[in-house]
Amino acid sequence: MKEEKNTRKPLIYYYIVAITVIMLLNTLVFPLFNNRKVTEVDYGTFLEAVDSGKVTSVEVHEAQKEIFYTVVNNGQETIYVTKAMNDPDLVNRLYNSKNEIHFTSVIPEQNSPLVNFIISWILPLLFFIGLGQLFSRQLANRMGGNVLTFGKSNAKIYVEAETGITFDDVAGQDEAKEALSEIVDFLHDPDKYTKIGATLPKGALLVGPPGTGKTLLAKAVAGEAKVPFFSISGSEFVEMFVGMGAAKVRDLFKQAAEKAPCIVFIDEIDTIGKKRDSSGFPGNDEREQTLNQLLTEMDGFDGNKGVVILAATNRPEILDKALLRPGRFDRRIPVELPDLKGREAILKVHAKKVKLADDVDFNAIARATSGASGADLANIVNEAALRAVRCGRTMVTQSDLEESIEVIIAGYQRKNAVISPKEKEIIAYHEIGHALVAAKQKDSAPVHKITIIPRTSGALGYTMQVEEDEHRLLTKEAAFNKIATLTGGRAAEELIFNTVTTGAANDIEQATRLARAMVTRFGMSENFDMTALETINNQYLGGDATLACSPETASRIDQEVISIIKKAHEKAINILKDNQDKLHELARYLLEKETITGEEFMAILNG
Ligand code: ADP
Ligand code: MG
Ligand code: ZN
């Protein structure tokens, strides 16, 4: 069982080692202290030694019938032992020896066997057990949090008396906060609701992409309501409680009921709440039992007691239907990627922790980070602060923030990467190709920055476009223009150098994905009209799609995608042909400067 492996096994190993050590001590080491190192000789040798005058002391051990004697040879003392014989002459012989011999008769005290046993076995054992307890307690401490011990097993659930996080710490996400504030109110004052006869939803499910603040929101609910927060993540459930998932669920709810009002938060619930399927895969019993127990508990407990269950997932589509029916997680709270306003607010929340220069413009940063999650933005602020320190400044400037956006997108600058002048020239034309095609089309986001400084992500250069304001819809024309812009880099290489390079691999990938989506999902092709030809598998995690059509249709889709890209590519080449002198002028300028701003770019283009 895995559980044994995780918690008990190390202790068992420890005890085995401890007992081995005690045994070794008893059989090998302790006897060394008791029995001095002695050489056994016969009685005759002993008498000879006495007569030769080398013996300095003699000890007669009456009980064991042994005689120990010490011989000094060249200043070195050696101890010998011999069996005692019935030799009445011995005392005289020692007394009359040439030299002075100290001789005594020793009757050694024998410890009682019981005392011996206690000293050599029980005491060390107690010592090691004590040490083991100390270790395991330290181990538990290091695992952090307040640890509650559950039932008979030593599995742990984390509970925080107060999370200390409030809604103010969560920027944006106003709809989610509004939906959750009712729960906060209920936890504050359940009576208000029960008097009228209203029952609040027992559970709310937070769904959204990673890093959008689901965990943060759950903590904020507990913080606002000032109630204990039981939290466990689904994966921990699976990992820690193998073989006892169901029992753990029961325990969790029992503990929560005792601490009510409180919040039970199950993070990553998809790991236990996955659809029960009929595929008959073995090994799913365990998870199904855990899920069944969860369902039973959610039905069983009295919603008016004040236990609210929150759960979070970024894969709602794989959750078991039974979890989502009324009376369980009947409330679904979307926690989406932040919009422009949301991003600005999140940046401000995280910027409170750092010292800012006056030139910082959060709106500009928010505009340049479309598609970034809350976690990304928190990361950007922190990267900017780190950069400020690296540059020896005491404040974060706008350029720190801008640079850290690029670090998040493309990785760090590789200032000392060696690129040959010829390649550098190709890269410059490639990037200006993108920028020119973008600038010469309607519905394209303005160029913000062009750079040919290589990045650790492998990008050799890139063109950053920043929308003026946020678009929620993409028109067919804008989508097509976007593809044309993506092909602009390669188009410039072909036009100027009459060759193609591997540098367009990423552009190709993006262009194909967009063209494909236009055909299969956005209904933007004449041939297929409004037919869904692909289904999105996990909308919050990258959104890879599965074809939902016949093989014949699939090959027609491919034809369509190819023709869209070909058309866009042609358009890009034509734009560049029409503006060839600008292309040369801009590329040369970029080669010299390595990084240019959108304004510089527009000035040359229009000037
Ligand atoms: P999720 O659980 O949705 O994957 P988290 O709640 O763990 O994401 O968020 C990760 C981190 O991102 C948070 O600790 C916080 O620093 C930051 N973050 C995300 N969303 C927000 C937000 N709306 N406001 C402030 N910070 C946020
Ligand atoms: Mg989370
Ligand atoms: Zn490119």
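Under the condition of being part of a helix (DSSP H, G or I) and among the small types (G, A, S), which residue from the stretch 495-524 is nearest to ligand 1 (Cβ to nearest atom)? Of everything passing the filter in the stretch 495-524, A517 is nearest to ligand 1 (Cβ to nearest atom). In the stretch 188-212, of all residues being more than 21 Å from L324 (Cα to Cα) and among the hydroxyl-bearing types (S, T, Y), the one that is nearest to ligand 1 (Cβ to nearest atom) corresponds to T212.
Listed residues N574, N527; which is over 30 Å from T313 (Cβ atoms) and either in a loop (DSSP other than H, G, I, E, B) or not assigned by TED's automatic domain parsing to the domain that holds P454 (or both)? After applying the criteria, what remains is N527. Inside the stretch 170-206, residues that are farther than 21 Å from E297 by Cβ, under 30 Å from the mean Cα position of the chain (by Cα) and not in a helix (DSSP H, G or I) make up a count of 4.
Okay, residues lined up against (1) within 16 Å of ligand 2 (Cβ to nearest atom); (2) among the basic types (K, R); (3) under 34 Å from the mean Cα position of the chain (by Cα); (4) surrounded by fewer than 18 Cβ atoms within 10 Å (Cβ to Cβ):
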residue: Y429; (1), (2), (3), (4): no, no, no, no
residue: T456; (1), (2), (3), (4): no, no, yes, yes
residue: Y462; (1), (2), (3), (4): no, no, yes, no
residue: K476; (1), (2), (3), (4): no, yes, no, yes
residue: A484; (1), (2), (3), (4): no, no, no, no
residue: T535; (1), (2), (3), (4): no, no, yes, yes
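Of all residues in the stretch 400-438, those satisfying the criterion of being touching a Leu at 6+ places or on another chain (Cβ under 7 Å) and among the charged types (D, E, K, R) are K424, E425, E431. In the condition set (1) loosely packed, with under 15 Cβ neighbours inside 10 Å; (2) within 23 Å of L486 (Cβ to Cβ); (3) touching a residue at least 60 places away in the same chain (Cβ under 8 Å), L541 is compliant with all but (2).
Report yes if E592 is among the acidic types (D, E), modelled with pLDDT of 95 or more and assigned to a helix (DSSP H, G or I), otherwise no. No. Looking across the stretch 264-288, the residues that are modelled with pLDDT of 85 or more and part of a strand (DSSP E or B) come down to V264, F265, I266, D267.
Pairs meeting the criteria (first residue in the stretch 323-352 and closer than 27 Å to R276 by Cα, second residue aliphatic (A, V, I, L, M) and away from ligand 1 (no atom under 16 Å from the Cβ), beta carbons under 7 Å, at least 6 apart or on different chains) are L323/L295; R328/L295; R328/M298; F329/L323.
The set of residues in the stretch 395-440 being among the hydroxyl-bearing types (S, T, Y) and within 16 Å of ligand 1 (Cβ to nearest atom) consists of S404 alone.
The residues on offer are V466, V447, and the sole one that is assigned by TED's automatic domain parsing to the domain that holds N574, modelled with pLDDT under 90, surrounded by 14 or more Cβ atoms within 10 Å (Cβ to Cβ) and β-branched (V, I, T) is V466. Inspect all residues belonging to the stretch 382-389 and state whether any of them is in a loop (DSSP other than H, G, I, E, B) and either modelled with pLDDT under 90 or not aromatic (F, W, Y) (or both). The answer is no, given that none of the residues of the stretch 382-389 is in a loop (DSSP other than H, G, I, E, B) and either modelled with pLDDT under 90 or not aromatic (F, W, Y) (or both).
Do we find a residue being within 16 Å of ligand 2 (Cβ to nearest atom) and either surrounded by fewer than 23 Cβ atoms within 10 Å (Cβ to Cβ) or not assigned by TED's automatic domain parsing to the domain that holds D285 (or both) anywhere in the stretch 192-209? If you could, list the steps in order and put the result at the bottom.
Quick first cut of the stretch 192-209, residues within 16 Å of ligand 2 (Cβ to nearest atom) only: 204-209.
Okay, now just the ones that are also either surrounded by fewer than 23 Cβ atoms within 10 Å (Cβ to Cβ) or not assigned by TED's automatic domain parsing to the domain that holds D285 (or both), so 209.
Yes.
Among residues of the stretch 453-464 that are more than 9 Å from ligand 3 (Cβ to nearest atom), those with a beta-carbon under 7 Å from a residue that is modelled with pLDDT under 85 and not in a loop (DSSP other than H, G, I, E, B) at least six positions away or on a different chain give the pairs I453/Q413; R455/A410; R455/Q413; S457/A410.
A single entry from A492, A478 fulfils the requirement of being modelled with pLDDT of 95 or more and part of a helix (DSSP H, G or I): A492. From the list E175, E224, E182, which residue is within 21 Å of R315 (Cα to Cα) and in the same structural domain as F329 (by TED's automatic domain parsing)? Criteria check complete, one pass: E175.
Quick check on this structure: which one of G203, G223 is away from ligand 3 (no atom under 16 Å from the Cβ) and closer than 30 Å to Q289 by Cβ? Don't jump to the end; show me each part of the working.
Working: G223 fails: closer than 30 Å to Q289 by Cβ.
Criteria check complete, one pass: G203.
For beta carbons closer than 7 Å, sequence separation of 6+ or different chains, a first residue in the stretch 362-378 that is at negative phi and a second that is near ligand 1 (Cβ under 8 Å from one of its atoms) and hydrophobic (A, V, I, L, M, F, W, C), the qualifying pairs are T369/L377; G374/I346; L377/I346.
Among the criteria (1) out of contact with any Pro (no Cβ under 6 Å at 6 or more places or on another chain); (2) in contact (Cβ under 8 Å) with a residue 24 or more places away in the chain; (3) away from ligand 3 (no atom under 16 Å from the Cβ), the one A417 does not fulfil is (1).
The values are calculated or read from the model by the stated rules, or taken from the named source; none is laboratory data. Being a predicted model, the structure only gives us computed values, none of them experimental. Glycine gets a Cβ as well: all are built from the backbone with ideal geometry, and neighbour counts include every protein chain shown.
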